[in-house]
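All remarks here apply to the structure that follows.
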């Protein structure tokens, strides 16, 4: 098993958070995991990305040049990283912020920002995208993911945790 994931967007969209959560959730079921965040110079508003590699075998490098899945939260990330796909790569795109068409046979389009706005807070669009990823590639069960999200966000505002779970479930269903 080898799954190379790139999550990209703008600083402040929670790209690094969902990558870290995904890597942490997978620890219980996948023996080898790397998590590698990268930030633009500005952090908030600049390009933000993270790579998560999940493997049944040892991982030689935490960095990959091609990805099995790319999660694009915004147009800039899509423009910058979509050339690092294979023909089989899955692209999950936030159509609220990615307006240029990505022509692929393996694409999942999510209107994540609009869906998050409908839940009451656009900041949870990242959890919608996490849910969409796990619906498409169930490397962690939804129940295990929800439990892990609650544990990882413990100590935060409980109503925000509940909203993140609601957003995650929205992504699973969409």
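Points worth noting:
- Condition check for residue 136: in contact (Cβ under 8 Å) with a residue 12 or more places away in the chain and buried (at least 21 other Cβ atoms within 10 Å of the Cβ): no
- All of (1) at pLDDT 95 or above; (2) in contact with a strand residue (DSSP E or B) (Cβ under 8 Å, 6 or more places away or on another chain) hold for residue 73 with one exception: (1).
- A single entry from 108, 119 fulfils the requirement of being over 17 Å from residue 15 (Cα atoms), more than 17 Å from the chain's Cα centre (by Cα) and touching a residue at least 24 places away in the same chain (Cβ under 8 Å): 119.
- If the condition is being under 20 Å from residue 132 (Cα atoms) and either out of contact with any strand residue (DSSP E or B) (no Cβ under 8 Å at 6 or more places or on another chain) or part of a loop (DSSP other than H, G, I, E, B) (or both), then segment 2-23 contributes 12, 13, 14, 17, 21.
- Checked against (1) part of a loop (DSSP other than H, G, I, E, B); (2) in contact with a helix residue (DSSP H, G or I) (Cβ under 7 Å, 6 or more places away or on another chain); (3) at pLDDT 95 or above, residue 128 passes all but condition (1).
- For segment 39-67, the candidate set comprises residues that are over 27 Å from residue 142 (Cα atoms) and in a strand (DSSP E or B); within that set, the residue that is modelled with the lowest pLDDT is 39.
The values are calculated or read from the model by the stated rules, or taken from the named source; none is laboratory data. Keep in mind that this is a model prediction, so the values were computed, not measured. Cβ atoms come from the backbone with ideal geometry, glycine included; neighbour counts cover every protein chain shown.
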